[in-house]
Amino acid sequence: MSGLPTAAFLYERVRRVIPPIEWPAFVEDIEAILVLKRERNAIILAHNYQTPEIFHCIADIVGDSLALARKAMTAEADIIVLAGVHFMAETAKLLNPQKTVLIPDLRAGCSLADSITAGDIRLLRQRYPGVPVVTYVNTSAEVKAESDICCTSGNAKAVVESLGAPRVIMLPDEYLAQNIAAQTEVKIIAWKGHCEVHERFTPADIRELRENHPGLTVLAHPECPPDVVAEADFSGSTAAMSDYVERQKPPRVVLMTECSMSDNVALAHPEIEFIRPCNLCPHMKRITLANIRMALEQKRHMVTIAPGIAGRARLAVERMLAV
């Protein structure tokens, strides 16, 4: 254990969001994971929606989909554990084909990724010949392989406009596509996929929050419906929302996104009051300390992608990263 953070040191990072009575339940797994990472030359990439004991205590790289994709490319480790959902682990594997990539729970899926197939894209290309296809990273490798370029919520507008086309097909999130369409002259053809977390927010939710919490600043993820984005003070990716809080330091704020995000950002800003409307992602919450530990102990749930798919999907992701 020499050279590793102590449990007491790590608890200081999260004590404002994890009650003392709950902390002992995490300690054994955290300590074991820290040892396993060193022994296996492994790193953990954690999405912003992971719970604080994962995000702040065992993760080596944290961020939104774009940040994790970029940082995965330079990961100096033999093993990458992706504390997130399956498409994120696939993206890490696409960018690190020679490394072992593990996902702690194979059932950690995504409603957006499930909303479209590679066959759907082939049919869309027949219907709209010559129209480029921009695919959100919240999709399977098979879907990425049928696309011209990927995007994230943080760079979607830049990606769409980088193609120089009068119109594009943007998949699979209908609301993200509509919100980007409002910001660009490019005509966007959307799909009917939705995030099961963000689609539940409504303008009425925001109005009620403002009424109950005067002076509230509302930040909304662009996967929210356009009428929710219109009611918000700011809309952006999870990284953009975090940056907004850091830059503007609103006295009272609500993040209209997955609720663990608020816990993770709040720890860096004790001076700010965070209002938490708690919409949980059931897929993200499948990732736990226990199954991260098991994945490292057993090299369990390795991510594999068929070679014929991997090359084309990787190209779509690399084009995104070049924008």
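The values are calculated or read from the model by the stated rules, or taken from the named source; none is laboratory data. Values in this document were obtained by computation on a predicted structure and should not be read as measured data. Here the Cβ positions follow ideal geometry from the backbone for every residue, glycine too, while neighbour counts run over all protein chains shown. Surface areas here come from the heavy atoms of the whole protein model, side chains and all, with no ligands, DNA or RNA. Shrake-Rupley method; radii C 1.70, N 1.55, O 1.52, S 1.80 Å.
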Exercise. At a Förster distance of 45 Å, what's the computed FRET efficiency of GLU28 paired with LEU123, Cβ-Cβ distance as r, to 0.05?
Worked result: 0.35
For this session: With unit charges on the beta carbon (Lys/Arg positive, Asp/Glu negative), name the residue among TYR175, ALA310, LEU219 whose Cα is farthest towards the positive pole of the charge dipole of the chain.
Result: ALA310
Seminar exercise, completed: The base-10 log of I(q)/I(0) that the Debye equation returns for region 61-213 at q = 0.16, 0.18 Å⁻¹, one scatterer per C-alpha, is -0.93, -1.10
Problem set entry | Lys, Arg +1 and Asp, Glu -1 on Cβ, resulting dipole of region 171-222 about Cα centre, debye, nearest 20 | 100 debye
For this session: Report, in debye and to the nearest 20, how large the dipole of region 106-197 comes out about its Cα centre when Lys and Arg carry +1 and Asp and Glu carry -1 on their Cβ.
Result: 180 debye
Exercise. At each listed q (0.18 Å⁻¹), what is the log10 of I(q)/I(0) that the Debye formula gives for region 275-323 modelled as equal alpha-carbon point scatterers?
Worked result: -0.87
Problem set entry | Cleavage-rule hits (trypsin sites (Lys or Arg not before Pro)) in region 188-275: DSSP loop, at most 12 neighbouring Cβ within 10 angstrom | LYS192
Exercise. What stretch of the chain, leaving out the sites themselves, is the longest with no GluC sites (Glu not before Pro) in a DSSP loop having at most 11 other Cβ atoms within 10 Å?
Worked result: 77-184
Problem set entry | FRET E, pair LEU4, LEU106, Förster distance 35 Å, beta-carbon r, rounded to 0.05 | 0.75
Exercise. Just the accessible area per residue of region 1-115, please: how many Å² with a 1.4 Å probe?
Worked result: 42 Å²
Seminar exercise, completed: Subtracting the Cα-Cα distance of GLN183 and ASP243 from 0.36 nm times their residue separation yields 19.6 nm
For this session: Please give every one of the lysines within straight-line cross-link reach of LYS157, meaning a C-alpha to C-alpha distance under 27 Å, and leave out same-chain neighbours fewer than 8 residues apart.
Result: LYS71, LYS93, LYS144, LYS187, LYS192, LYS249
Exercise. Carbon-plus-sulfur fraction of the accessible area of the chain, 1.4 Å probe, in percent?
Worked result: 52 percent
Problem set entry | Cα-centred dipole magnitude for the chain, charges only on beta-carbon of K, R (+1) and D, E (-1), debye, nearest 20 | 780 debye
Seminar exercise, completed: Under the Karplus relation with 6.51, -1.76 and 1.60 and θ = phi - 60°, whole-Hz ³J(HN,Hα) for region 272-288, x at Gly and Pro, equal 9, 8, 9, 8, 10, x, 8, 9, 8, 8, x, 6, 4, 6, 6, 7, 9
For this session: Mind checking the per residue accessible area of region 155-290 for me, 1.4 Å probe, whole number of Å²?
Result: 42 Å²
Problem set entry | Residues listed by number, region 260-276, amide nitrogen under 15 Å from ARG252 label point at 7 Å toward C-beta | 272-276
Exercise. Amide H to amide H, which residues 5 or more places from GLU196 or on other chains are under 5 Å from it, using H placed in the peptide plane?
Worked result: SER111, LEU112
